[in-house]
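To start, the structure itself, in structure tokens.
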Amino acid sequence: MKIKLLLSLVLPVTFLFAQAEIEVEPDFQSNEYCKKCHPDIYKEYEKSMHRNSTIFKDPIHKAVWDKHPTNTKKQKYKCAKCHTPTADNIKDMLGKGTKGIPDVSNETHTQGILCSYCHRIESVEHGSMSSTNKIHLEKKDYYGTREKPLRSRKHYQKYSEDFKNGQVCMGCHSHKKNSSKLDVCVTDMGKEDDSENCITCHMPQVKGDMSSKGETGTYAFHGFPGANLHKEKLLHYINMKFIKEDTGFQISIKNRSPHNLMLHPMRYTQLLVSVERDSKVQEFKPEVFIRMIGKDDKASPPWVANEVVKDTMIKGKETRKINYEKVLRKGDKVKVTLGYYLVKPDVAKKFAIKTSEHLSTFHILKDKTYTVE
């Protein structure tokens, strides 16, 4: 039986939902089915945010959903279209029936985003409020990046240009506007650059075999590096530079990626700088990089927001220069740390997010000490 499926954004997507509708066949192969032939890929995927996208696995997502009016007033899990797109009651979750609350005892509600779901994205339909995934109806036809795919008795892999150029991700990661038509979250890629896209950056080629059935030499990493996991695979997209001047010094940060340094509206990025001289340390006021949405010049939940209150986030391909007024001497040590919180600490309190060590930690992207010569 065919059902209607609505799709929206995967990262900060607890917030709102897409308008467009598509019909899909709700018959997807399980992850265990894929694991048999792709054990290495499965190990990476099993720990990824795609696999752990549900309210039962992602505490940030659950905290926002707990307060969302769709949950508190209508008891509908509107986030299902991207967080659990293959749930067996997706129709009810999206508000078409009467049983929309995820059930932890139901495997289809806890499996997150299936391998088979992503690999059956045939194309992406772009809309003004959000974009929509078009799902291929043939169960055994999977899409991928290999122009000469390996044949298998289990399925047939078809080459897709959308997988090659990263557009396959845009059905969920492009943009999402709320009822005020404000971009709650947006991946503004800027000018097109075929050499860098979602796939090349977040699914880089690594050494190994794509399948246990044959040698490939390399395959696309399925751990999906980002702010939560495997950030070390993305650090080469950030360049940091120290420049001494007559009246002070300058720290230069270049974001080589094609989108904002951080995309999730709850992220809180800081540049920490200090100068050590004769065993005494002077700490400068932290430089904050954030995109804050809200209402009446104050931060607010995304479903209430109608404006961008503050936007100091480093944009894609931007070089941000921060000047410090302190004349340096030979031997001075300038310590520079660029890092972030997954959730801004005061926001975590407002949303009653249960902070684990991972959530409450200041995650370091770049950390370097420069000695003045």
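At a glance:
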read-out	value
Residue in the range 177-184 that is β-branched (Val, Ile, Thr), open to solvent by less than 30 Å² (accessible area, probe 1.4 Å) and within 21 Å of Asp27 (Cα to Cα) present	no
Looking only at the range 195-206, and only at residues there that are out of contact with any strand residue (DSSP E or B) (no Cβ under 7 Å at 6 or more places or on another chain) and of a type in the set (S, T, N, Q), the one that is surrounded by the fewest Cβ atoms within 10 Å (Cβ to Cβ)	Ser195
Residue within the range 327-342 that is touching a residue at least 60 places away in the same chain (Cβ under 8 Å), assigned to a loop (DSSP other than H, G, I, E, B) and loosely packed, with under 15 Cβ neighbours inside 10 Å present	yes
Residues that are charged (D, E, K, R) and in contact (Cβ under 8 Å) with a residue 60 or more places away in the chain, drawn from the range 63-114	Asp66, Lys67, Lys78, Lys81, Asp88, Lys91, Lys96
Given (1) part of a loop (DSSP other than H, G, I, E, B); (2) open to solvent by 40 Å² or more (accessible area, probe 1.4 Å); (3) of a type in the set (A, V, I, L, M, F, W, C); (4) modelled with pLDDT of 95 or more, number of the condition Ala227 does not satisfy	(2)
Condition met for Phe289 (of a type in the set (Phe, Trp, Tyr), touching a strand residue (DSSP E or B) at 6+ places or on another chain (Cβ under 6 Å) and surrounded by fewer than 17 Cβ atoms within 10 Å (Cβ to Cβ))	no
Any chance Phe362 is surrounded by 15 or more Cβ atoms within 10 Å (Cβ to Cβ) and hydrophobic (A, V, I, L, M, F, W, C)	no
Selection count where residues are in a loop (DSSP other than H, G, I, E, B), under 19 Å from Pro225 (Cβ atoms) and open to solvent by 20 Å² or more (accessible area, probe 1.4 Å), scope the range 235-261	4
Whichever residue in the range 207-221 is open to solvent by 30 Å² or more (accessible area, probe 1.4 Å) and not small (Gly, Ala, Ser) and, among such residues, is farthest from Arg153 (Cα to Cα)	Lys207
Yes/no for Ser279 being farther than 20 Å from Val186 by Cα and open to solvent by 40 Å² or more (accessible area, probe 1.4 Å)	yes
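The values are calculated or read from the model by the stated rules, or taken from the named source; none is laboratory data. All of these numbers come straight from a predicted model, not from anything done at the bench. No Cβ is skipped: glycine too gets one built from the backbone with ideal geometry, and neighbour counts run over all protein chains shown. Surface accessibility is based on the protein's heavy atoms, side chains included, excluding ligands, DNA and RNA. Shrake-Rupley method; radii C 1.70, N 1.55, O 1.52, S 1.80 Å.
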